[in-house]
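Visitor: Got a structure for you, written out below as structure tokens; questions coming shortly.
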Amino acid sequence: MHLMQLPREVLLGEDLVGEVINVAKRLGLGSKALVLYGPKTKEIAGKDVERSLAQEYDVEGVTVKGATMEEVNRVLNKTRDAGVDWLIAVGGGSIIDVAKLASFKAGVPFISFPTTASHDGIASANASIKDLGAKTSVKAVPPIAVIADVKVIKTAPYRYLAAGVGDMISNLTAVRDWQLAHRIKGEYYSEYAASLSLMSAKMVIKNADIIRLGNEESVRKVVKGLISCGVAMSIAGSSRPASGAEHLFSHALDMIAPKPALHGEQVGVGTIIMSYLHGLKWERVRETLKRVGAPTNAYELGIDPDVIIEALTIAHTIRPERYTILGKDGLTREAAEKAAKITGVI
């Protein structure tokens, strides 16, 4: 049996704060809701969502400080103790990931209300929690609905939108790794999920000049692509269509870099290197990232070249069960340095 869990509603438009009530009613969600937000996203849209829901629902707000198990458990306890029927996450990746895992553990649905378009977690079933050894993803459930307010997302610094492009373009190498695992390890492979994932990557390559404008249309293009990535992962039943060696490289950087960059920024740079290793047109990946103003090298990431090389050599150890172009033995220091130099990453 292959189970596919997908969001039941996806709303994309402007001034959608007031629509949360209508979505909750259509989905028949219970009377007690918990709104999750960060200190910043509370001011951006969290308070407004809470105020709007309070007209017809019993609502409480919780400020989440980061994507840690401590915060997940705090939200989980609050959900159980207060008899909460459903959650809504107003924020970026960390807030959505905490809501995703807490709602999954509590057995209640959650709505995703993203305030940035920096990665594909806004609609996927996977949650990235920092203190699980390495910052890798945990399987949970996708949101029951995604409400993407273009005006709200547009208020975030442009850097986040460019990072979203980095996370999407990584599908090129993630799918190649998946195909490799299918051929070599006999791993399950879904052509449909892979095609949907690749479509998002090709879309950002094609629309790079529109995205770089940072306007409403730019946000719409990136958000649609990120939601498609989430759906592709739900169809596959894993993060395979959108997470390969380039993600392992990013997780390695999260572990060893004194100050890691944004997830999508690191993944984008990782995609340049992994495209080279796969024999893909890595120059096209780099050119797209340059056109949208995303980092393409260690200097722009703000990470020391030695740390980049170290991350490349340890990336294969992050999720040893996930077969990628790095193989089970990984890259030697010489091979890592050569790949990073040829692609201009260092």
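Taken together, the values in this text are just the output of simple stated rules run on the coordinates, not laboratory data. As the structure is a computational prediction, the values presented were derived from the model and not from experiment. We place every Cβ from the backbone using ideal geometry, glycine too, and count neighbours over all the protein chains shown.
Visitor: Compute, for the chain, the length of the dipole vector about the Cα centre, with Cβ point charges of +1 (Lys, Arg) and -1 (Asp, Glu) only. Units Debye, rounded to 20.
Guide: My answer is approximately 460 debye.
Visitor: Still on this model: Where does the Debye-calculated log10 I(q)/I(0) of the stretch 39-129 sit at q = 0.23 Å⁻¹, using only Cα point scatterers of equal weight, no solvent?
Guide: -1.24
Visitor: On a straight-distance basis, which lysines could pair with LYS78 in a cross-link, Cα separation under 29 angstrom, same-chain partners fewer than 8 positions away excluded?
Guide: Partners found: LYS25, LYS32, LYS40, LYS42, LYS47, LYS65, LYS100, LYS105, LYS130, LYS135, LYS139.
Visitor: Could you rank the peptides 12-19, 85-92 by their average count of other C-beta atoms within 10 Å per residue, with the highest value first?
Guide: With the highest mean Cβ count within 10 Å placed first, the list reads 85-92, 12-19.
Visitor: With a ≥ b ≥ c the root eigenvalues of the C-alpha gyration tensor of the stretch 158-342, is it rounded (a/c under 1.5), prolate (a/b larger than b/c) or oblate?
Guide: In terms of gyration-tensor shape, oblate.
Visitor: Pairs of Cα atoms under 8 Å, at least six residues apart: use those to get the relative contact order of the chain, whole percent.
Guide: 16
Visitor: Rank the residues TYR37, TYR189, TYR276 as a footprinting-exposure proxy: fewest other Cβ atoms within 10 Å of their Cβ go first.
Guide: TYR189, TYR276, TYR37
Visitor: Please report the Cα spread of the stretch 85-153 along all three principal axes, rounded to whole Å, starting with the longest.
Guide: 36, 27, 14
Visitor: Using only the alpha-carbon atoms, what does the chain span along each of its principal axes? Please give whole angstrom values in decreasing order.
Guide: Computed over the chain, the largest-to-smallest principal extents equal 61, 41, 39 Å.
Visitor: Calculate for the chain the 222 nm mean residue ellipticity that helices alone would give, adding -39,500 (n - 2.57) per DSSP H run of length 4 or more and normalising by residue count, nearest 500 deg cm²/dmol.
Guide: -15500 deg cm²/dmol
Visitor: From the P(r) of the stretch 260-346, could you give the percentage of C-alpha pairs in the tail past 19 Å?
Guide: Tail fraction, whole percent: 34.
Visitor: Take THR317, THR296, THR68 and order them by how many other Cβ atoms sit within 10 Å, fewest up front.
Guide: In order of increasing Cβ crowding within 10 Å: THR317, THR68, THR296.
Visitor: Now for a separate question. Would you list MET168, MET4 from fewest to most Cβ contacts within 10 Å?
Guide: MET4, MET168
Visitor: Size of the stretch 120-251 along its principal axes in angstrom, Cα-based, largest extent first?
Guide: 44, 33, 28
Visitor: Could you please state, rounded to a whole Å, how far the C-alpha centre of the stretch 44-121 is from the C-alpha centre of the stretch 201-254?
Guide: 23
Visitor: Would you mind putting 218-226, 266-274 in packing order, based on average other-beta-carbon counts within 10 Å, highest first?
Guide: Result, highest mean first: 266-274, 218-226.
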